[in-house]
1. Residues that are farther than 21 Å from A:LYS126 by Cα and within 14 Å of another protein chain (Cβ to nearest Cβ): find the helices (runs of 4 or more DSSP H) completely inside region A:304-419 holding 3 or more of those.
2. I'd like the full set of residues that are β-branched (Val, Ile, Thr) and out of contact with any Phe, Trp or Tyr (no Cβ under 7 Å at 6 or more places or on another chain), limited to region B:192-216.
3. Scan region B:55-76 for residues that are within 18 Å of B:TYR282 (Cβ to Cβ), among the aliphatic types (A, V, I, L, M) and either free of Cβ contacts under 8 Å to residues at least 40 places away in the same chain or in a helix (DSSP H, G or I) (or both) and jot them down.
4. Regarding B:ASP87, is this residue within 14 Å of chain A (Cβ to nearest Cβ), in contact with a Pro (Cβ under 6 Å, 6 or more places away or on another chain) and not aliphatic (A, V, I, L, M)?
5. Among residues belonging to region B:190-212 that are outside any helix (DSSP H, G or I) and facing chain C (nearest Cβ under 7 Å), point out the one that is surrounded by the most Cβ atoms within 10 Å (Cβ to Cβ).
6. Taking A:MET102 as meeting all but one of (1) surrounded by fewer than 22 Cβ atoms within 10 Å (Cβ to Cβ); (2) within 30 Å of A:ASP346 (Cβ to Cβ); (3) more than 21 Å from the chain's Cα centre (by Cα), write down the number of the exception.
7. Please enumerate the residues belonging to region B:159-188 that are more than 14 Å from chain A (Cβ to nearest Cβ) and among the aliphatic types (A, V, I, L, M).
8. Condition (residue is surrounded by fewer than 23 Cβ atoms within 10 Å (Cβ to Cβ), polar (S, T, N, Q) and more than 28 Å from A:GLY240 (Cα to Cα)) applied to region A:396-405: is it met by at least one residue?
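The values are calculated or read from the model by the stated rules, or taken from the named source; none is laboratory data. All figures in this text were calculated on a predicted structure; none of them were measured in a lab. A quick note on method: Cβ atoms are made from the backbone with ideal geometry, for glycine too, and the neighbour counts reach across all protein chains shown.
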Amino acid sequence: MTQYLKSLAGAALVSLAAFSVQAETLNIVHGAVGMDDEILRRQLDAFEAATGHTVNIVSMPESTTDQFSQYKLWLSAQSSDIDVYRLDVIWAPQISEHFVDMNEAVEDIRDQFVPSALDAQTVDGKLVAMPMFMGAPALYYRADLLEKHGKSVPTTWEELTATAAEVMEAERAEGNGDMWGFVFQGAAYEGLTCNAMEWVGAMGGGMIVGEDGSVGINNPQAAAAIDLAASWVGSIAPSGVLNYKEEDARGTFQSGNAVFMRNWNYAYALVTGDDSPVKDAVEVAPLPGGPGGAVATLGGAALGVSAYSEHPEVAIELVKFLVNFENQKMRAIDTSRPATITAIYDDAEVAEKMPFIPLWKPVLDGTTPRPAFSTKRKYNEVSAEFWTAVHNTMSGNGTAESNLAALEARLTRLKGDAW
Amino acid sequence: MDAETMTAPDLSRLARQRKRAAWAFLAPMLIVLAAVAAWPLARTIWFGFTDASLDQLGNAQWVGFQNYLHWFDYGNGQGEWEGVLADPRWWRSVWNTIWFAGLSVSIETVFGLVIALVLHRSFPGRGLVRAAILIPWAIPTIVSAKMWAWMLHDQFGIVNDMLMRVGLIDSAIAWTATPGTAMFAIVAVDVWKTTPFMALLILAALQMVPDDIYEAARMDGVPAFRLFRKVTLPLILPGLLVAVVFRTLDALRVFDLIYVLTPNTDATRSMSIYARENLFDYDKFAYGSAASTLLFFVIALITITFIRVTRMNLERED
Amino acid sequence: MARLKTYGFYLLVAVIVLQAVFPFYYAILTSLETGQAIFDINYLPAALDWSNYRSMLSSGVFGRQFLNSAVTASAVVVLSLVLATTAAYALARIRFRGRGLLLLTILSVSMFPQIAVLAGLFELIRAFGLFNSLWALVFSYMIFTLPFTVWVLTTFMRKLPVEIEEAAIMDGASALTIIWRVFLPLMWPAMVTTGLLAFIHAWNEFLFALTFLSTDTQRTVPVAIAMISGRSEFEIPWGNIMAASVVVTLPLVVLVLIFQRKIVSGLTAGAVKG
């Protein structure tokens, strides 16, 4: 740790010479708590020690929906209270005009970063924020149960449906009455958009809104994918899955009551944690695929500098510091955050202390972004329309076919002349 | 000394004096309300007639009734109506809200009355019981919503476990997930949480009924229920109605309970949730402002109707 | 028959207490559990693990946030009672034109959703330079406490017989003296009740507190609770949340216990009940 601090201090001192010597006070709004917050504070302490600036963390509740509206209020008031914002991966196109273009400032380090992570933050050529970490989902499964019943890891969604049903029935017959086949995020919220995008994409149904802005979601493949998912509810998945978010799914899976779970990388550290009843039985695989290949939704966060900051240079320096190799490595090891710098996946120390990070690399390489770019400022509404159509189908409110037709009509109207 | 011994000029001077005092007393409250309520309300109503976007509030342009209702022309002679008033989801949320408010306030009134009557009697430990029933109201809504979400959870929820033990249901019910039960779950939690408010206000009204009325009635041998209907109820009615009005206003604006407890689906979306979605989540601040304005009018309409129907006395003509 | 009635009455009391307290009891139970134990259903305490309380109280700012809540809620109660009592006197006891309309207007403030005034109020608070100050909360909370207190106090004040102030008016006492000497002593039950309700409302408010304050040392308890989290963004630390909720709710219970004597004391002076 001291070694780490020293090397940081050294690096930062060099850069300090190039910037203003005056000590400034910055505010960073992080929107995360717990471990993330602790790590950030430690890294900020190092930054403060090296540069003489002071950085305060403004905490926010965890719900990204709550954060988004608060940020929009602050930005609308052109408030200089906040210098650096942590943004969700999908926000850049919606609030790009309020942030400083980082292109020039990061010219020297851009090659180190995963290109798709940078692309996700570039709006009309403007680099709105620097990617801080990535997120990706995977299929968590009970290796012990699959082995016991002689099943292999499913590679398509149909296979998953069949395997989950068989293992579940067999386990229930043995007296394990609480067993379910598959849990995922089925509540009507952004998480369902991610899940459903993966089913639809794998079955060849394409994107909700294509890169060219066309509304192509109303097709038989997409309907088949959503019908398949609807068939899970009440059969291999508990009917409560219609109100499941990440933690509900993890709770069921970690208590040993589910064979498969779709969840983000965060769950790995928890389901394999010391007090997890299934810690030795869980393994991870890429999400099932289909004719459209395997689709995994890209998640993550980025750091942007407010256009209304009174100290933009110092703020940019802070962002560059927080996304540098050392700090990303620290986050990878301590909070299991997949990095946005390529080299971290090949780092020996990371592989040793957090073996799942290198495992995640192929998942991350195959991630698909949500249509945040093609739909621009209307993304949130598009996403809500999509998850509503899916949720309606899953709760038996109309067929996939009719709901997708209605969705197409609503999206076309929403689009108007152009997104 | 009584009025008859005072001269007429004295009386009118006194009345004038008292009128002046009245406005002096009202002024501070009115100024505060004008600042914290009237101004933001006016802003929101104005935004409803503009094309404002939340991150560009300064650049709002007047667009008239476009956010409420306008004809969207496809350009080929065809078209359709657009705006809040033409959105079936808005009307669905109006219906949801009224249904929710009507059901939960009725149940709360009955329960609140029962609890208040119980607490009005003296029995050992009454103080503790009184404190105990206030607990649900004292827990922050955000927390109680999360707490109930946890208790109503289909897999780990204690409610399912309890009902299954008693034998009322034979398999776990996904209370907050199924469209059929979600609204009832919300009503149940709301009743649990706000009945204490009702009970306390009714209790305060009961406390102000003079004891001698009961004494007299008891001596005449009036049966308890008749006594309640003929004596108690009329006396506490004004207080009861005020409690009902405020609970109804609160219930019609229901937001955080639904926001935390159930998915934002068509089955449970309330007017406030609808407004919030458009104001903050979507890039439709102006449209959301229009929805908020309509929400205001819907509530005002219901309240005025209620006041009319119950003949609530605003002017006190006695 | 009479005995049956008594049993029935106590059964009713038991049911009332049980439904009110059980979820809170279950919260306490959950707050004493950690890790996987939370996912197991139990009705009696299985473990006494105080770590959730310790981690919360040792976080440093929690005490400060607790104080913020207490100061804000008390200021809200005092300010709204002062403003509302004088206003209620004018509305209830003095005849002037437009009283009914005025009451309706005040009531209409309660008809606007909090969500909808948020943006306008935010602009206003920044303009007044109150952003990130507890005063921002004290003022914005007037939106829901004032209409309610004015209405309740007006209704109560109207029910007091005319005779009680007649003598004072004839003696030439000023209106302020009349409120202070004649009405306040009689208004205790209503004032304590509305004050308590206003306190709880202010104590529990979340949205404004979140929007108008930006530093942890200024924030109030409900916001602090919403910020409690696990090791990652999706993990919900029920144990910690419940522990904080228990700590937050206890003062209110104590407050009710202290003030309930006042709520009990009836209208007729000296008539001691309970």
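1. Answer list for region A:304-419: A:325-335, A:379-394, A:400-415.
2. B:ILE202, B:VAL209, B:ILE213
3. Hit for region B:55-76 is B:LEU57, nothing else.
4. no
5. B:MET208
6. (1)
7. Selection gives B:MET162, B:LEU163, B:VAL166, B:LEU168, B:VAL187, B:ALA188.
8. No, region A:396-405 contains no residue that is surrounded by fewer than 23 Cβ atoms within 10 Å (Cβ to Cβ), polar (S, T, N, Q) and more than 28 Å from A:GLY240 (Cα to Cα).
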